[in-house]
Amino acid sequence: MQTEYAEAYPDLYHRHWWWRVREKILIGVISDVVAGMKDVRILDVGCGAGLFFDALSRFGYVEGVESDRTVVERSGLWRPRIQVGPLGVSGPRFDLILLLDVLEHVSDPAALLRIVRSRLSTRGTLIVTVPAFNWLWTSHDVLNQHVRRYSRSELLRELTDQRFVLRKSRYLFPSLVAPKLAVRIKERLG
C-alpha cells in the first residue's frame with residue numbers, strides 16, 4: 001500500500017460510508033456462517049492494521065496476516081495477533097478465513113487459495129470479496145496496487161478450481177457500476 005494511502009486508511013475505514021456499509025454487510029454474512037458455532041477461530045488474511053478485528057472479536061478468537069509491515073505498525077491493541085508476512089501452509093486451522101479485497105493483489109491466486117484451503121478446519125468457511133470487472137479499472141486500482149478485478153464467473157472458477165464449494169455469491173454494490181464507469185471514461189478521455 002502506498003504510504004500516503006496507508007496513513008489515511010484508518011480514518012477512511014472509520015468514517016467513509018463505503019467501509020461502514022461493507023462492514024455491516026460482512027457482519028451479517030459472518031453472523032449467518034458462525035450461527036450456533038462455539039469457540040470460532042477466525043483468520044483475516046490481508047488484515048492491514050486489524051481495523052475489522054473489533055467487529056470480528058464478538059464472534060470468536062481473531063488473528064490476522066498482513067504482508068505490509070508499515071501498516072501493521074499502526075495496529076495498536078491487535079498487534080500481537082497479526083503475523084507479518086505471507087500466509088504459510090503450516091499453523092493452526094481456522095473455522096472462518098477472510099480474504100477481503102486480497103485476491104486482486106495476488107499474481108498467483110490459485111497458490112494462495114490452496115494455502116487457505118489447507119488452513120481451514122473441517123467446519124471451515126472462506127469469505128472472499130474482490131473488486132468487480134476489469135473494464136472498471138481506474139487509477140484507484142493502480143493506487144491500491146491491484147493486479148486484476150474479477151467477474152463473478154472468474155472468481156467462482158478460481159474457487160471451484162481449488163475445490164471450494166460455493167454457498168452464496170453476489171455483487172455488493174451494483175449501484176456503483178455506473179459512477180465507476182463514468183470515472184473510467186473520464187480517466188480514459190483525460
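The values are calculated or read from the model by the stated rules, or taken from the named source; none is laboratory data. Owing to the predicted nature of the structure, the values given are computational and were not obtained by experimental measurement. Don't worry about glycine lacking a Cβ; one is built from the backbone with ideal geometry, like all the others, and counts go over all protein chains shown. Each accessible area value is taken on the protein alone, full model and side chains, heavy atoms only, with ligands, DNA and RNA left out. Shrake-Rupley method; radii C 1.70, N 1.55, O 1.52, S 1.80 Å.
Work out from phi, with θ = phi - 60° and the Karplus expression 6.51 cos²θ - 1.76 cosθ + 1.60, the ³J(HN,Hα) of each residue of region 81-90, listed in order in whole Hz, and give x for Gly and Pro.
Residue by residue, region 81-90 yields 9, 10, 8, 8, x, x, 6, x, 6, 8 Hz.
Enumerate by residue number the trypsin sites (Lys or Arg not before Pro) in region 91-190 meeting two conditions: DSSP loop (anything except H, G, I, E, B), and at most 12 other Cβ atoms within 10 Å of the site's Cβ.
Passing sites in region 91-190 are R163, R167, K168, R170.
Only sites in a loop by DSSP and with at most 16 other Cβ atoms within 10 Å count here; which trypsin sites (Lys or Arg not before Pro) in region 1-79 make the cut?
On the way: sites: R15, R20, R22, K24, K38, R41, R58, R69, R74; in loops: K38, R58, R74.
Hits after loop and neighbour filter: K38, R58, R74.
Please list the non-local residues whose amide H lies under 5 Å from the amide H of V102, H modeled 1.01 Å from N, same-chain partners needing a gap of 5 or more.
Placed amide hydrogens put T129 under 5 Å from V102.
What is the set of long-range amide H partners of Q83 at a cut-off below 5 Å, with H atoms built 1.01 Å from backbone N?
Residues meeting the amide H criterion: G64, V65, E66.
Scan the chain and note any complete DSSP helix (H) whose C-alpha atoms cover at least 20 Å along its axis and whose Kyte-Doolittle average is -1.0 or more.
Values: long enough: 17-34 (25 Å, 0.57).
Length and hydropathy pass: 17-34.
Would you mind working out the magnitude of the charge dipole of the chain relative to its Cα centre, with +1 at each Lys and Arg C-beta and -1 at each Asp and Glu C-beta, to the nearest 20 Debye?
That gives the chain a dipole magnitude of about 620 debye.
Could you work out which residue, out of I30, I97, I42, moves most in a Gaussian network model of the chain, that is, has the largest mean-square fluctuation with Cα springs under 10 Å?
Of I30, I97, I42, the most mobile in the Gaussian network model is I30.
Between S153, S121, S67, which gets the highest mean-square fluctuation from a Gaussian network model of the chain, Cα cutoff 10 Å?
The residue that fluctuates most here is S153.
Which one of G64, G124, G91 has the biggest mean-square fluctuation once the chain is modelled by GNM with Cα springs under 10 Å?
Highest fluctuation among the options: G91.
Would you please calculate the Kirkwood hydrodynamic radius of region 1-80 over all C-alpha pairs and express it in Å, rounded to one decimal?
Working: mean 1/r = 0.0743 Å⁻¹.
Computed over region 1-80, the radius equals 13.5 Å.
So how exposed is L176, as accessible area in Å² (1.4 Å probe, rounded to 10)?
Accessible area, nearest 10 Å²: 50 Å².
Quickly estimate the mean residue ellipticity at 222 nm for the chain, helices only: each DSSP H run with n ≥ 4 gives -39500 (n - 2.57), and the total goes over all residues, rounded to 500. The partial results should precede the final answer.
Details: 8 runs with 78 residues, N = 190.
Helix-only estimate at 222 nm: -12000 deg cm²/dmol.
Which residues' amide hydrogens lie under 5 Å from the amide hydrogen of S121, considering only partners 5 or more residues apart or on another chain, with H built in the peptide plane?
F94, D95
Can you tell me the dipole magnitude for region 118-190 around its Cα centre, using point charges on the Cβ only (Lys, Arg +1; Asp, Glu -1), in Debye to the nearest 20?
For this selection, approximately 240 debye.
On average, how much accessible surface per residue is there in the chain, in Å², for a 1.4 Å probe, leaving out ligands, DNA and RNA?
With the other protein chains kept in place, the chain gives 56 Å² per residue.
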